[in-house]
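See structure below.
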Amino acid sequence: MIEHLRRGSNHSIVEFVGLLVGFEVVIMAPTRKFKSGAQKRKEKDRREALRKTQVGSLNKYFSSNKEEACQAVNENTSEEPEQVVNDHHIEEAEELNQSENEENNEILNEDVHNAEPNQSENEEINDIINEDVHTTNSTEEILFDMDDPGNWNRTDQNITDFLVERGPKRDNNVIFPRDKCDRCFSSKHYFRELPNGEKQERKWLKHLVGQLADEGVNDWHNISDRLKSHERSRYHIGSMTSWMELAKRLKLKLTIDASLQEQINQEKEHWKQVLERILAVVKRLGKNNLAFRGDSEKLYEENNGIFLQMIELLAEFDSTMQEHVRRINKHEVQYHYLSHKIQNEMIQLLAGEVKSSIISRIKEAKYFSVILDCTPDVSNEEQMSLVLRSVNVSATPIVVEEYFLEFLKVSDTSGLGLLNELLTALKTLGLDVNDIRGQGYDNGSNMKGKNKGVQSRLLEINPKAFYTPCACHSLNLVLSDMAHCCPKAESFFGVIQRIYSLFSASTKRWQVFTEHVTGFTVKPLSETRWESRVESVKAIRYQAPEIREALIHLVNGKEDVKTKSDAETLATYNLQNFEFLFGMIIWYELLHAVNNVSKVLQTEDMHVDTAIKELERLLSFLQKFRETGFEESLIEAKEIASEMGIEPVFMEKRTIHKKRQFGESSSEAVTQSAAESFKVNYFLYIVDQAISSFKTRFEQFKTFEENFGLLFDLDKLRSADRDSLKSFCANLTNLLKHGEISDLNEDDLYHDLRMLSEDLPNETKRAIDVLNYIKEVDGCYPNAWIAYRILLTIPVTVASAERSFSKLKLIKSYLRSTMSQERLSGLAMISIEKDIVGKLDYVNLISTFASKNARRVIFQ
């Protein structure tokens, strides 16, 4: 017997439900003097139904042979539970509430067991059950929540056995509603206190959300007495005895028909194995960004999609799938779980499990950062990638991880529109916006705007959500500023693109190129990723003589006039120009240095302290290159010129003499040599532009160094005096304060950092190493533990969001452009978070799949 408490939307009521031998529901309703006409008619119908069920019941216990006896018993157990109620149980149930009110005992819970589901419920149920292609009207079954005791009157013996085998489930996180007297049900009623002080769990008692808010009582003041009275009743004891006996028989496989029970168990195991294989196929296709469906949704037909073809492949070698496919082909089953609806459900099942795992990790870390980036998809819909960054404190050693959550389709790309999408998504995920400690976006005005951008609007809600412009995007803009600062720089990259375009425009010309150049191939210039232009320059930097020979071959070959003219110009004017070769050396050195730093910054576990050190190293390189780079590049350029037979001289320009006016001095302006002019007007121009743009665009990182400097610069921490350390702790505490709430305590933080500076091992160099050390000495430095977690939570780049766009293009391709948003996010989650998907347990997945809806097949 399982009994439960049902909570309605407006009231809380108490129900006691008996299961297994028979159903009887007694609802203690408010006192009423007269029965309504409907109640009287229902009472009459109930009594008539009881009389009909008793007709010939005695004959069931007498039979001429064993087969007839078993058949009679099976018929008895397969009937609806409400039809097995006898008058003896009715009398015992009436004794339960004799002390309360005799009128309460006359109202039986026939509405719960006999009421038909309303039309809207049937429509929703039918939408769910039509998940298979071959579903027919003769086999339609109503899906329901098996954990709701109010639905148990609609179960057959198989479901009853399943519920008993599984045992009752209880939600311990329910917040019990209060009545007008400010009283509510308490979880202490789940236990019965014995006279000697021991507590005995009431396994039969359950709190459940329901819709019966217009009936029952909410007299929580006397609930203890009501429960005790019920536990002393014969009805309760008899039902509990029946429950335990059936559970024992099922466990020992001693039911009425052991062979039938064995067949049921074998069938359950078969479907469990089938579902495991279908889940494995869905997981494999999702991880590899492959399309599921084709033109047909039937097995062994042309163009039926990769999913069904994988099922066919498994059926060739696996006996379980072979049997499943045989049943489908022989029409022995009408539910095969291979339809596109089941595919979507399993995709969401896998993605949901991954998302739940990620959310639990983020909540364990408490603090997190948001990373957003937008791009249009193949359907010309704006997709915003949501990535969250947090410190995984449960890992050993501690790691910083960035998790993809979903793609959000946005129609309003303004700062306010994007912020609203973000807040809605966080609310859906159950995350608190006040726990955000960092936000990372690109340098778009709708993102970084100081007045109406996403970062400024989020800072108004949570001032502790520190904004970081994407470091890689900022480096990209620095290079863009350099390339457009002077005409010679623009002309240089124009020549690079012309060389690629000339050879790639024809397969014959490309063959000529590969015959003369065996190393790096020429590459086009990227309009968005400037640091990647190093690959375009690299091919010419190390293969200029070979490329010139290929161009000369085109000039002497059987090409059209335009091709010959372009090839001759590139071979005789550009590649034989010493200034072009010199500029090529300069640009390669600059692009190579920036590209190395950009690649390092794009790693997922990049921290602010490491990023600042890398950026400082790059700035130092630029400043040093300004002083020594010209002479060093000149030497390399002369070596290449000598190899190509080019005279290493700069082009001299005619000196323009101005006509001297009356009263002007006779001294001529100082004239520059061609080399000095090249250095001043080209080399220094682009290097100075790089340094100036670098300092401007990375100003925010300088702020982080001022606010968190002592946390990641351990040399400064060890050498800091008392006053400077106290000042640092005071500033950081105020920075992490919003209203009256602060993440840190100033005095405690000072004490922690002072002790840490003395206790840290000498080999500890980075902030992540400090955090791992604090974890080892658990509880010794609580405020430092918080400060370092916040520091490492701050994002450096939006590279993870950019990488998710690569998956977006693979998943939502031209042929799959009508894919739903839910399926897109689910497949992207499976593809991106492969490590978490690989650790999922099939047993738990099948259990979740079976519990989502009451399946027509029991898998567990």
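The values are calculated or read from the model by the stated rules, or taken from the named source; none is laboratory data. Quick caveat: nothing in here was measured; it's all calculated off a predicted structure. Positions of Cβ are generated from backbone atoms using ideal geometry, with glycine treated the same way; all protein chains shown enter the neighbour counts.
Within segment 833-852, the presence of at least one residue that is modelled with pLDDT under 90, among the basic types (Lys, Arg) and part of a helix (DSSP H, G or I) is confirmed. Does any residue of segment 461-471 turn out to be crowded, with 21+ Cβ neighbours inside 10 Å and assigned to a helix (DSSP H, G or I)? Yes: segment 461-471 contains one or more residues that are crowded, with 21+ Cβ neighbours inside 10 Å and assigned to a helix (DSSP H, G or I).
Note on segment 709-727: residues that are in contact with a helix residue (DSSP H, G or I) (Cβ under 6 Å, 6 or more places away or on another chain) and in contact (Cβ under 8 Å) with a residue 40 or more places away in the chain total 5. Quick test for you: out of LEU426, LEU405, pick the one residue that is within 30 Å of ILE306 (Cα to Cα), touching a strand residue (DSSP E or B) at 6+ places or on another chain (Cβ under 9 Å) and not acidic (Asp, Glu). Being within 30 Å of ILE306 (Cα to Cα), touching a strand residue (DSSP E or B) at 6+ places or on another chain (Cβ under 9 Å) and not acidic (Asp, Glu) holds for just one of LEU426, LEU405, which is LEU405. Hey, which of the helices (runs of 4 or more DSSP H) in segment 109-228, taking only ones fully inside, have at least 3 residues that are within 37 Å of the chain's Cα centre (by Cα) and at pLDDT 55 or above? So the answer is 157-166.
Residues TYR337, TYR300: which one is assigned to a loop (DSSP other than H, G, I, E, B), assigned by TED's automatic domain parsing to the domain that holds GLY838 and over 20 Å from GLN273 (Cα atoms)? Criteria check complete, one pass: TYR300. Considering segment 602-625, and only residues there that are among the polar types (S, T, N, Q) and part of a helix (DSSP H, G or I), the residue that is nearest to TYR441 (Cα to Cα) turns out to be THR610. Restricting attention to segment 710-745, the residues being part of a helix (DSSP H, G or I) and charged (D, E, K, R) number 6. Scanning segment 557-596 for residues that are aromatic (Phe, Trp, Tyr) and farther than 19 Å from ILE691 by Cβ yields TYR573, PHE578, PHE580, PHE582.
Conditions (1) surrounded by fewer than 14 Cβ atoms within 10 Å (Cβ to Cβ); (2) touching a Leu at 6+ places or on another chain (Cβ under 6 Å); (3) closer than 15 Å to ARG361 by Cα, marked per residue:
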| position | (1), (2), (3) |
| --- | --- |
| ARG389 | no, no, yes |
| ALA395 | yes, no, yes |
| VAL400 | no, yes, yes |
| PHE404 | no, no, yes |
| ASP412 | yes, no, no |
| LEU418 | no, no, no |
| GLU421 | no, yes, no |
| LEU429 | no, no, yes |
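Among the residues of segment 315-347, the ones that are within 26 Å of ILE832 (Cα to Cα) and not hydroxyl-bearing (Ser, Thr, Tyr) come to 9 in all.
Among the candidates ILE640, ILE646, which residue alone is assigned to a helix (DSSP H, G or I), surrounded by 14 or more Cβ atoms within 10 Å (Cβ to Cβ) and of a type in the set (Val, Ile, Thr)? Sole residue among the options that is assigned to a helix (DSSP H, G or I), surrounded by 14 or more Cβ atoms within 10 Å (Cβ to Cβ) and of a type in the set (Val, Ile, Thr): ILE640. Within segment 267-312, the residues that satisfy the criterion of being modelled with pLDDT of 90 or more and of a type in the set (Phe, Trp, Tyr) are PHE292, TYR300, PHE307.
Among the residues of segment 374-392, at least one is assigned by TED's automatic domain parsing to the domain that holds LEU426, part of a loop (DSSP other than H, G, I, E, B), of a type in the set (A, V, I, L, M, F, W, C) and on the phi < 0 side of the Ramachandran plot. Could you list, in sequence order, all residues of segment 338-382 that are among the β-branched types (Val, Ile, Thr) and within 15 Å of LEU827 (Cα to Cα)? If the condition is that a residue be among the β-branched types (Val, Ile, Thr) and within 15 Å of LEU827 (Cα to Cα), then ILE342, ILE347, VAL354 are the ones that fit. Considering only residues that are of a type outside the set (D, E, K, R) and touching a strand residue (DSSP E or B) at 6+ places or on another chain (Cβ under 9 Å), look in segment 770-790 and name the one that is nearest to ASP748 (Cα to Cα). So the residue we want is TYR788. A single entry from ALA291, ALA315 fulfils the requirement of being small (Gly, Ala, Ser) and part of a helix (DSSP H, G or I): ALA315.
Scanning segment 519-565 for residues that are farther than 23 Å from PHE582 by Cα, without any contact (Cβ under 8 Å) to a residue 12 or more places away in the chain and either in a loop (DSSP other than H, G, I, E, B) or under 51 Å from the mean Cα position of the chain (by Cα) (or both) returns GLU527, LYS558, ASP560. Within the option set VAL400, VAL378, being closer than 30 Å to ARG766 by Cα and modelled with pLDDT under 95 holds for one residue only, VAL400.
Suppose we keep only residues that are assigned to a helix (DSSP H, G or I) and charged (D, E, K, R) within segment 418-455. Which one would you say is nearest to the chain's Cα centre (by Cα)? Taking the candidates together, the pick is LYS427.
Residue selection: VAL354 fails the criterion of being outside any loop (DSSP other than H, G, I, E, B), aliphatic (A, V, I, L, M) and touching a Lys or Arg at 6+ places or on another chain (Cβ under 9 Å).
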